[in-house]
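Single-structure report; data block below.
The values are calculated or read from the model by the stated rules, or taken from the named source; none is laboratory data. Just so it is clear, the structure is predicted and the values come from calculations on it, not from any experiment. In this analysis, Cβ positions are derived from the backbone assuming ideal geometry, glycine residues included, and neighbour counts consider all displayed protein chains. Accessible surface areas use protein heavy atoms only, side chains included; no ligands, DNA or RNA. Shrake-Rupley method; radii C 1.70, N 1.55, O 1.52, S 1.80 Å.
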Amino acid sequence: MTKAQTQPWQGHLKGSRAYRNLLLALLFGGFATFAQLYSVQAVLPGISRDFGVTPADAALSVSPATLGLALAVIPWSWV
């Protein structure tokens with residue numbers, strides 16, 4: 001075995017270009033996730049009108065996605 005095969009990978013060095021790129025990718029990924037999650041809010045009045053439900057009930061259509069994201073964050077934070 002070579003030396004490279006015996007040592008575990010230590011990750012990107014803080015301050016390196018790869019580290020900054022990784023942080024930017026995480027930032028934009030988080031932004032895109034929340035943008036998609038809350039984009040339905042623009043059509044909530046239409047959902048309320050078309051389905052004959054109260055605005056509060058129409059707003060509950062966002063809740064399952066929010067709950068799913070909250071539950072998914074827990075194991076991903078460990079990773």
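Whole-Hz Karplus ³J(HN,Hα) for segment 12-20, in order, using 6.51 cos²θ - 1.76 cosθ + 1.60 and θ = phi - 60°, x for Gly and Pro?
So the J values, rounded to whole Hz, are 7, 6, 4, x, 6, 4, 5, 5, 5.
At 1.4 Å probe size, with the rest of the protein present, what percent of the exposed accessible area of the chain is carbon and sulfur atoms?
Summing carbon and sulfur atoms, their accessible area is 69 percent of the total for the chain.
When the Debye formula is applied to the Cα atoms of the chain, each taken as the same point scatterer, what base-10 log of I(q)/I(0) results at q = 0.15, 0.16 Å⁻¹?
Treating every Cα as an identical point scatterer, log10 I(q)/I(0) equals -0.74, -0.79.
Would you mind putting 55-64, 10-19 in packing order, based on average other-beta-carbon counts within 10 Å, highest first?
The packing order, highest mean first, is 55-64, 10-19.
So if each residue of separation counts as 0.36 nm, and I subtract the Cα-Cα distance between L24 and A70, what length gain in nm does that give?
So the chain would gain 14.4 nm between L24 and A70.
Please give the FRET efficiency for Y38 paired with L13, using the beta carbon to beta carbon distance and R0 = 35 Å, rounded to the nearest 0.05.
0.50
Solvent-accessible area per residue for segment 1-68 at a 1.4 Å probe radius, Å²?
84
Give the calculated FRET efficiency between T6 and W78 to the nearest 0.05, with a Förster radius of 25 Å applied to their Cβ-Cβ distance.
The calculated FRET efficiency here is 0.45.
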